[in-house]
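Please read the structure below before turning to the comments.
The values are calculated or read from the model by the stated rules, or taken from the named source; none is laboratory data. If you're wondering where the values come from, they're calculated on a predicted model, not measured in any experiment. Counting neighbours? That spans all protein chains shown, and the Cβs are built from the backbone with ideal geometry, glycine included.
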Amino acid sequence: MTHRDTGRVLMKCLSLTQPWGTLVVSGKKLIETRSWTTRYRGPLLIHAAKSFPAYARDFCISVIGLMPTELPFGAIIGKVVLKDLRRTEEIAPTLTDLERLYGDYSPGRWAWELSEAEAFETPLPWKGSLGLFEVILPERKE
């Protein structure tokens, strides 16, 4: 949403631990799993968290084949569209093995269906937050 008076854009944002943030904005991870739900649907910025726990580093190297030095941290790295949310129990049987590997499909969780992934050419340094948070960006000139 663009504010006419300020010329800035207000958007919802979600922080993800790497390498899952990069997988989302590259369109390789189409579903983000969460323990919580939201009524929000629409454009969603993706923020790569600053922290990089050992399990994420191991997953990055052994499963994805990326070196941690290839990933941005502490920055907004792209955007997607949050299309819908479904229970993980409902969606898990329809997933590829790779998509199932990328998320936690334990019973009782939520599958956030994502589309229109776009990685930003230049990550925008930004402090993340828990849950969905709002970000006010300068309007991009194309």
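Taking each residue of the stretch 97-110 that is closer than 19 Å to C60 by Cα and looking for partners that are in a loop (DSSP other than H, G, I, E, B) and at pLDDT 90 or above with beta-carbon atoms closer than 7 Å, six or more apart or interchain, yields E99/L30; Y102/K29.
Would you point out which residue out of I136, I76, I46 is within 18 Å of K12 (Cα to Cα), in contact with a helix residue (DSSP H, G or I) (Cβ under 6 Å, 6 or more places away or on another chain) and of a type outside the set (S, T, N, Q)?
Within the list I136, I76, I46, the selection yields I46.
Does L16 qualify as being touching a helix residue (DSSP H, G or I) at 6+ places or on another chain (Cβ under 9 Å) and either surrounded by fewer than 20 Cβ atoms within 10 Å (Cβ to Cβ) or under 20 Å from K127 (Cβ atoms) (or both)?
In short, yes.
Is the stretch 58-69 home to any residue that is of a type outside the set (D, E, K, R), part of a loop (DSSP other than H, G, I, E, B) and within 15 Å of the chain's Cα centre (by Cα)? Looking for residues that are of a type outside the set (D, E, K, R), part of a loop (DSSP other than H, G, I, E, B) and within 15 Å of the chain's Cα centre (by Cα), one finds none in the stretch 58-69, hence no.
For V81, the test of being modelled with pLDDT under 95 and hydrophobic (A, V, I, L, M, F, W, C) is failed. Among the conditions (1) surrounded by fewer than 19 Cβ atoms within 10 Å (Cβ to Cβ); (2) part of a strand (DSSP E or B); (3) modelled with pLDDT of 95 or more, L44 misses just one, which is (1).
Here's the yes/no breakdown for (1) within 26 Å of S51 (Cβ to Cβ); (2) over 12 Å from the mean Cα position of the chain (by Cα); (3) assigned to a loop (DSSP other than H, G, I, E, B); (4) not basic (K, R):
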site	(1), (2), (3), (4)
P93	no, yes, no, yes
S106	yes, yes, yes, yes
A111	yes, yes, no, yes
F120	yes, yes, no, yes
F133	yes, yes, no, yes
